[in-house]
Amino acid sequence: MFKNILIVALSVYTFLTSHMIHSQPSISSSHQMSLMNRLLDTRGVEYDSLEHQAIGDSILIKYFIDEPGERGQKLNLSNGLELSYGQIIMLAGDFFAIAKTPISLCGEKKQQVCFEKAFASLAINGNLKDTQCQSPTVQAKGFLAFYDDVLVQLTLARENNIPDWQFYYQHSGEFNKKLNQISCGGSFISPYIPFGNYLKLSQNNIDHFIPHALEAYRVGHTAALNDALKAHHVFFTKNDKTKAKQLLTQAYAKNAFASHYLTDALSSGHMRVPRKKIHDTVLMPAILKLLLSNFMHDEDNRQGLDVTNGKGFSWRAYGDGYLNKPKADIHRYMIHQIIQTSADAIYDVFVTGIFPNKFAEFDYLPDYSKINTLNSNAPLFKVIDGQVYIRKAINNRQLHQWSKMWSGLISLIDLELNFDIYS
Ligand SMILES: [Zn+2]
C-alpha cells in the first residue's frame, strides 16, 4: 500500500518535473539526481568487461607464415601502451571512444574518420609520460589495475559458488563510482558528478546495440583490413619485415577495437533493446534513458534469447554477467568462432593482399530479424509504428501486451521499485 502511494506521489512529481525539462534534458532536479544515484548504486552499467577480455585473449593472433601465432600477447600501440587483444576489446567503446559521436551515426562519409578518432582515443593519443588524468595512457592503466583487482575478487566469489551476476550486483555502486573516478569524473559533491568518460560514453552507447553495433564493427573491421593490406604491400613488395609487423599490429589493434562492438552484438541484452529509439524519443536526461534501457538489457541477458543463424545453427544466447554458466557453453563457443573468424580475416588479407568481398564472420551471427518469433518472452520495450511501447505487466514475461501511454520517469521509478528480474 505504502509502495503504491509512493509511486503515485512520485509519479505526479516526476510528471511535473519531466514536463519542465522538455526543452533541455539534463539532470535538472534533485529528484532526478537521487534517482540516478540510487540506480547507479544498485545496478551495474558494465558487467561484461572481463568477459570481453577473456574472449579476446583466447583468440589466436598470427603474424608470419613461419611463426605459429600466439594468444594473449601484447600489441604495442603508438602511444606506448602495450595491450592484449582482449584488453583492447574490453577498453574499447565502453571506456574509450568519442562520446558525442557514435560511429554508426556518423554518416557514410565520416564513419571511417569517426572510427579512427575513437581508436586514437585509446591507442594513439597521449604517451606513457603523461600524468594528467585525461591522458588515455593514465586512464587505461587505471582501468586495467581496477579490473585486475575485480578479477581477484570475482575468482574468490566463484570459489564460494557466487554467480558472476550476483557478484556484480553486490558491487554495482562501488564499481560505478570507481570507474567514473578513473575516467576523471566525480567530485566532493557526488562520486557521479561530473560525469567522467565512463558515464559520458554509457549515456550515449547507441553503438553497442543491434543494429548499430554491427555497423560500428563493419566500419572498424574495414579500417583494420586496410591496414593489413598496407602491411602486405610493405612486406611482399618492399621486404620490410619491421614496418610490416608494425602495420599488422595496428591492424590487429583496430580489429580488436572493432570487435568490442561485435561481442556486444552477441550479447542477448544487446539484441532487441530499442536503445536508440529510447534515447531519441523518451523525454528525460540521457543517463536516465540508459538506466531505463538497462532494465530490459539486464532481463534479456539473464533470460537469454533463442537464436538461429544462416549456417543452420540454433542455440540460446546469453549476455553480460551470464557467460560463464554451463548453460552458456554453446554460446561462448559461437562467440569465440565469430571473433576468431574476424581476426583470421586480418591475417588472410596480410598473406594474400586481397580485400575480402564479404565478411565470413557475419554468416555465423544470429539472424536478428527472427528473434521475436523464436522467443516466447515478451520484450520489456517494443517499437510499434515507430513508437516505443512498454510491457503492460512488467513482471509477466508471458503477457504479450504493451502500452503506448507511459512516461519515462514514472516507469523508471516503477521498475526500480517493482521489477523483479531475478524471478
Ligand atoms: Zn559495449
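Only the coordinates and a few stated rules stand behind these numbers; no lab work does. Here the structure is a predicted model, which is why all the values come from computation and not from measurement. Note: ideal-geometry Cβ built from the backbone for every residue, glycine included; neighbour counts use all protein chains shown.
Annotations
- In this calculation the C-beta distance from Gln337 to Lys245 is compared with R0 = 30 Å, giving a FRET efficiency of 0.65.
- Sequence-separation-based contact order of the chain, relative, with Cα cut under 8 Å and 6+ spacing, percent: 18 percent
- For the stretch 201-215, putting each phi into the Karplus relation 6.51 cos²θ - 1.76 cosθ + 1.60 with θ = phi - 60° gives couplings of 5, 4, 6, 10, 8, 4, 4, 9, 10, 5, x, 5, 4, 5, 5 Hz, in residue order, rounded to whole numbers and with x for Gly and Pro.
- An oblate overall shape is assigned to the stretch 25-120, the ratio a/c of its alpha-carbon gyration tensor axes (a ≥ b ≥ c) being 1.5 or greater and a/b not exceeding b/c.
- Over the stretch 172-295, relative contact order from alpha-carbon pairs under 8 Å, at least 6 apart, %: 25 percent
- For the stretch 370-423, the relative contact order works out to 26 percent when only alpha carbon pairs closer than 8 Å and six or more residues apart are counted.
- Residue-span extension gain [Ile384 to Glu70] - 0.36 nm each, minus C-alpha spacing: 108.3 nm
- Cα shape, the stretch 180-294, gyration tensor, a/c 1.5 rule: oblate
- Close amide H pairs (under 5 Å, H built 1.01 Å from N) link Asp320 with Ser268, Gly269, residues at least 5 positions away or on another chain.
- Trypsin sites (Lys or Arg not before Pro) within the stretch 339-423: DSSP coil, no more than 15 neighbouring Cβ in 10 Å: Lys358, Lys392, Lys404
- Gyration tensor (alpha-carbon) shape descriptor, the chain, a/c threshold 1.5: prolate
- Of Lys117/Lys238; Lys358/Lys392; Lys327/Lys404; Lys100/Lys129; Lys109/Lys289, those spanning more than 32 Å from alpha-carbon to alpha-carbon: Lys358/Lys392; Lys327/Lys404
- Long pairs among Lys311/Lys370; Lys178/Lys200; Lys74/Lys325; Lys200/Lys276, criterion Cα-Cα beyond 20 Å: Lys74/Lys325
- Length gained when the stretch Lys325-Tyr368 is fully extended (0.36 nm per residue, less Cα-Cα span): 13.2 nm
- Förster-model FRET efficiency, 41 Å R0, Trp406 and Gln132, C-beta, rounded to 0.05: 0.40
- Sites Arg316 and Gln170 - FRET efficiency at Förster radius 30 Å, r taken between beta-carbons, to 0.05: 0.70
- Take the Cα of Lys141, step 7 Å toward its Cβ, do the same at Tyr422, and the gap between the two points is 3.8 nm.
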